[in-house]
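Enquirer: I'd like to ask some things about the structure below.
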Amino acid sequence: MKLFQANIWGGRLPFQIMEALKSEKPDLICFQEVVSTKGDALIFTTIEQIQEGIGLDNSFFSPVFDFNLMNKKAGFGNGIISRFPFSDTKTEFTRLNHKNNFDFDTDDYNIRNFQHVTIELNNKILNLLNHHGHHIHQHKNGDAETLRQCGEIAKYIDSLDGNVILCGDFNLGPTSDSINILNSRLRNLSVEAKLTSTRNELTPKNEVCDYIFVSKGINVSKFYMLDKVLSDHNALILEFDL
């Protein structure tokens, strides 16, 4: 099985996103900064358009806010697309709550959630969690708030039965105390692979902030960072079985 993880930057590069997905042929896709709306979103590529283009049957969208897009209502948040059906889906907010009619000039954009989908594979349970982490503009070292939120995610993981994959753009460096909370529970494949940056030429930033974590029951056959530019973050690829 193959998992594709990426912050897609609102879907600004539709051709590159679809080219990467069609080349990699993933079974599971985890996106952050994805848009959802009915019909053409004009400047954004939506989760609905991506799902249709890649031909996978199942999706789950967890918006952190809704906003007005031309004459449409659009959502912005995290999304999972899957070849396999979900036996359960949940959205857990780690900071604030969903905001209707989001105002980009005045509202707090650090509304954060994580998604949890449960999938039955080979008579085993896979818990797939997808998160976009709290953003601190000045650095990726974290603070008391990121410690609290990562602690919430860790506590949630501790309550789960079955295998766990946690992925996302955490907005945290690999040596931060906040990421270490998760490292104490799961294998951090980005750290094991000794990635030096998960960013690219579309941003002046040069840092590791995107991760895939796995529990002991996940048999990793391959993990790598995609070198194709599809947003200001590089995609991470995990090939695995249970």
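The values are calculated or read from the model by the stated rules, or taken from the named source; none is laboratory data. Just so it is clear, the structure is predicted and the values come from calculations on it, not from any experiment. A quick note on method: Cβ atoms are made from the backbone with ideal geometry, for glycine too, and the neighbour counts reach across all protein chains shown. All accessible areas refer to the heavy atoms of the entire protein, side chains included, with ligands and DNA or RNA removed. Shrake-Rupley method; radii C 1.70, N 1.55, O 1.52, S 1.80 Å.
Enquirer: Return the residue satisfying two criteria in turn: it lies in the stretch 227-242 and is assigned to a loop (DSSP other than H, G, I, E, B) and under 23 Å from I119 (Cβ atoms), and of such residues it is least open to solvent (accessible area, probe 1.4 Å).
Expert: By that ranking, first place goes to A235.
Enquirer: Might you check whether a residue that is within 19 Å of C30 (Cα to Cα), modelled with pLDDT of 95 or more and in contact with a Ser or Thr (Cβ under 6 Å, 6 or more places away or on another chain) occurs anywhere in the stretch 191-200?
Expert: no
Enquirer: Which of the following residues is open to solvent by 70 Å² or more (accessible area, probe 1.4 Å) and small (G, A, S): S159, S82?
Expert: Values: S82 fails: open to solvent by 70 Å² or more (accessible area, probe 1.4 Å).
The match here is S159.
Enquirer: Now a separate question. Only one of Q5, Q16, Q32 is touching a Lys or Arg at 6+ places or on another chain (Cβ under 7 Å) and either exposed (fewer than 14 other Cβ atoms within 10 Å of the Cβ) or modelled with pLDDT of 95 or more (or both); which?
Expert: So the residue among Q5, Q16, Q32 that is touching a Lys or Arg at 6+ places or on another chain (Cβ under 7 Å) and either exposed (fewer than 14 other Cβ atoms within 10 Å of the Cβ) or modelled with pLDDT of 95 or more (or both) is Q16.
Yes/no per residue for (1) touching a Lys or Arg at 6+ places or on another chain (Cβ under 7 Å); (2) assigned to a strand (DSSP E or B); (3) in contact (Cβ under 8 Å) with a residue 60 or more places away in the chain:
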| position | (1), (2), (3) |
| --- | --- |
| E52 | no, no, no |
| D66 | yes, yes, no |
| I81 | no, yes, no |
| N101 | no, no, no |
| F104 | no, no, no |
| N110 | yes, no, no |
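Enquirer: What number of residues in the stretch 120-151 are over 22 Å from H98 (Cβ atoms), part of a strand (DSSP E or B) and in contact (Cβ under 8 Å) with a residue 40 or more places away in the chain?
Expert: 3
Enquirer: Something else about it: Under 8 Å between Cβ atoms, at least 6 apart or on separate chains: pull out the pairs that start in the stretch 168-185 with a residue that is at pLDDT 95 or above and end on any residue that is acidic (D, E) and not in a loop (DSSP other than H, G, I, E, B).
Expert: Qualifying pairs under 8 Å: G168/D210; D169/E33; D169/D210; F170/D210; R185/D158.
Enquirer: Here's another thing I want to ask about it. Say we look at the stretch 183-212 and pick out the residues that are among the acidic types (D, E) and open to solvent by 50 Å² or more (accessible area, probe 1.4 Å); which of these is nearest to Y156 (Cα to Cα)?
Expert: If we take residues in the stretch 183-212 being among the acidic types (D, E) and open to solvent by 50 Å² or more (accessible area, probe 1.4 Å), then E192 is nearest to Y156 (Cα to Cα).
Enquirer: Let me ask something else about it. Just need a number here: residues in the stretch 36-48 that are part of a helix (DSSP H, G or I) and open to solvent by less than 70 Å² (accessible area, probe 1.4 Å).
Expert: 1
Enquirer: Quick test of your reading of the structure: P26 fulfils all but one of (1) in contact with a Gly (Cβ under 9 Å, 6 or more places away or on another chain); (2) surrounded by 20 or more Cβ atoms within 10 Å (Cβ to Cβ). Name the failing condition by number.
Expert: Single failed check for P26: (1).
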